Amino acid sequence: MIQVRFWGVRGSIPCPGPTTMKYGGNTACIELRFPEVGRHIIIDAGSGIRELANHMLAHDLPKGPISTEIYLSHTHWDHIMGFPFFIPNYIPGTRIKVFGPVTYEDDPLEEVVGGQMKYRYFPVNMGELAADISYTRLKEDPHIDLGDGIILATTIINHPITALGYRFSFRGSVFCTAYDTEPFRNLFVTDPDDPSYDELMAHEGEEAAREQNRVMENFFAGADLLVHDAQYTQEEYENGKVGWGHSSIEHAIGAASRAGVKRLALFHHDPERTDTQLDGMAEIYCQNPSCGDMEIFFAREGMVLEI
């Protein structure tokens with residue numbers, strides 16, 4: 001069994017306030033617990049990780065030193081901004097393993113994450129943290145044995161910097177993430193009237209995009225729970241958001257349905273989206289008879305699921 005808890009479900013920037021109280025205003029942070037083997041994993045260190053830290057101090061620290069692993073989907077600020085406020089960083093005896101991709105070859109993960117903890121930005125320097133923290137750079141890999149029967153697969157997803165989707169498998173249960181990402185598309189000119197049009201390149205571009213989208217769907221095929229980027233509606237996506245690295249709700253539902261996903265959590269809500277708007281969208285998108293038995297819902301802070 002894998003226990004999943006959402007601590008932050010927003011994209012781009014925290015948006016606390018009276019209109020976001022139901023779904024939450026914190027940026028991405030998901031907690032996985034594997035109670036049968038005593039493992040604890042965090043996916044992304046957005047602003048939601050601060051509340052997770054408080055929960056860990058109250059429920060985990062009394063049992064002994066905290067040991068956890070943090071997997072970053074990528075290093076955009078909304079996914080790492082909570083790291084300086086993760087209180088276990090400051091407690092001697094804490095062991096934290098940080099994993100994630102890095103876009104630029106010369107920048108180690110430690111420097112990218114810790115760069116926000118310099119005196120010009122923050123009152124505590126990275127070198128002053130009391131915890132034992134290690135950093136491991138991840139690349140695309142179909143099979144990483146994490147021990148205790150936990151297997152991780154990673155895949156490159158479509159975002160302006162290197163980002164990874166994660167697939168955790170444990171004793172027959174599968175949990176996947178596919179955010180921040182958007183559909184792969186043909187980057188070549190497709191208009192025959194355009195002077196730079198090349199028929200062969202346009203055809204190959206279409207084939208490449210289709211193949212990469214198939215790879216993505218194969219990656220999360222059959223997942224018990226998929227957390228998928230769904231920041232926009234299709235209309236919003238096509239009206240100026242193409243290339244921003246985020247998916248439409250319609251795309252997420254279609255891809256998950258084709259892949260035979262059992263439960264789909266729509267995630268990375270636009271910071272301008274209110275609770276009332278999300279409730280209205282849930283009525284439209286979450287009762288989709290064409291998706292068969294797949295359960296569809298908008299992720300909310302504090303939501304706890306078991307798979």
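The values are calculated or read from the model by the stated rules, or taken from the named source; none is laboratory data. This is a predicted model, so every value here is computed, not measured. For neighbour counting, all protein chains shown are included, and Cβ atoms are generated from backbone atoms with ideal geometry for every residue, glycine included. Note: areas computed on protein heavy atoms with side chains; ligands, DNA, RNA excluded. Shrake-Rupley method; radii C 1.70, N 1.55, O 1.52, S 1.80 Å.
Per residue, how many Å² of accessible area does the range 1-145 show with a 1.4 Å probe? Don't jump to the answer; show the numbers that get you there.
Values: 6680 Å² over 145 residues.
Spelled out: the 1.4 Å probe surface of the range 1-145, per residue, equals 46 Å².
Please build a GNM for the chain, connecting alpha carbons under 10 Å apart, and tell me which residue among Asp224, Asp194, Asp270 fluctuates the most. Its mean-square fluctuation being the largest, the pick is Asp194.
Restricting to Cα pairs below 8 Å that are 6+ residues apart, what does the relative contact order work out to for the chain? Please round to a whole percent. Please list the in-between numbers first.
Numbers: 682 pairs, mean separation 56.6, N = 307.
Relative CO of the chain lands at 18 percent.
Counting heavy atoms of the protein chains alone, Asp107 has an accessible area of about 60 Å² for a 1.4 Å probe.
Which number comes out as Rg/Rh for the chain once both Rg and the Kirkwood Rh are worked out on C-alpha atoms?
Values: Rg = 19.7 Å, Rh = 20.1 Å.
Ratio value, two decimals: 0.98.
Using a probe radius of 1.4 angstrom, the carbon and sulfur fraction of the accessible surface of the range 1-140 is 54%.
Given the C-alpha centroids of the range 269-307 and the range 64-86, what is the distance between them in whole angstrom? Cα centroid of the range 269-307 versus Cα centroid of the range 64-86: 25 Å apart. Inter-label distance, Asn125 to Trp77: 2.3 nm, where each label sits 7 Å from its Cα along the C-beta direction. When the Cα positions of Gly254, Tyr90, His269 are compared along the charge dipole of the chain, Tyr90 comes out farthest toward the positive end, with charges on each C-beta of Lys, Arg, Asp and Glu. Under 11 Å from a label point set 7 Å out along the Cα-to-Cβ vector of Glu295, the amide N atoms of the range 233-269 belong to 262-265.
Mind checking the range 70-169 for chymotrypsin sites (Phe, Trp or Tyr not before Pro) that DSSP puts in a loop (not H, G, I, E or B) and that have at most 14 other Cβ atoms within 10 Å? Each step should come with its number before you reach the end.
Working: sites: Tyr71, Trp77, Phe85, Phe86, Tyr90, Phe99, Tyr104, Tyr119, Tyr121, Tyr135, Tyr166, Phe168; in loops: Phe86, Tyr104, Tyr119, Tyr121.
For chymotrypsin sites (Phe, Trp or Tyr not before Pro) across the range 70-169 that sit outside H, G, I, E and B with at most 14 neighbouring Cβ atoms in 10 Å, the list reads Tyr104, Tyr119, Tyr121.
Modelled spin labels at Thr276 and Tyr90, positioned 7 Å past Cα toward Cβ, are 3.9 nm from each other. In a simple Cβ point-charge model (Lys, Arg +1; Asp, Glu -1; nothing else charged), the range 1-108 has a dipole of about 460 debye relative to its Cα centre.
For Trp7, Trp244, give the ranking by accessible area with the largest first, probe 1.4 Å. Don't skip to the answer; put the middle values down first.
On the way: Trp7 25, Trp244 135 Å².
Sorted descending by solvent-accessible area, the residues read Trp244, Trp7.
Estimated from the Cβ-Cβ distance and a Förster radius of 35 angstrom, the FRET efficiency linking Asp106 and Asp198 is about 0.50. Approximating the spin labels as points 7 Å out from Cα along Cα→Cβ, the Thr136-to-Lys63 distance works out to 2.2 nm. Antiparallel beta bridges, as assigned by DSSP with both residues in the chain, represent about 50 percent of the total such bridges. Accessible area of Glu204 (1.4 Å probe, protein heavy atoms only, ligands and nucleic acids ignored): about 100 Å². When the chain is described by a simple charge dipole with +1 on each Lys and Arg Cβ and -1 on each Asp and Glu Cβ, the residue from Asn26, Val215, Ala131 located farthest towards its positive end is Ala131.
Remark: for residue pairs Lys22/Lys262; Lys63/Lys139; Lys22/Lys63; Lys22/Lys118, the C-alpha separation exceeds 29 Å in Lys63/Lys139; Lys22/Lys63; Lys22/Lys118. Compute the Kirkwood hydrodynamic radius of the range 30-156, taking the inverse of the mean of 1/r over all pairs of distinct Cα atoms, and give it in Å to one decimal. Across the range 30-156, the inverse of the average 1/r is 15.2 Å. Per residue, the solvent-accessible area of the range 164-307 (1.4 Å probe, heavy atoms of protein chains only, all protein chains present) comes to 47 Å².
Can you give the % of DSSP beta bridges in the range 1-123 that are antiparallel, to the nearest 5?
Values: 10 of 19 bridges.
Of all bridge pairs located within the range 1-123, approximately 55 percent are antiparallel.
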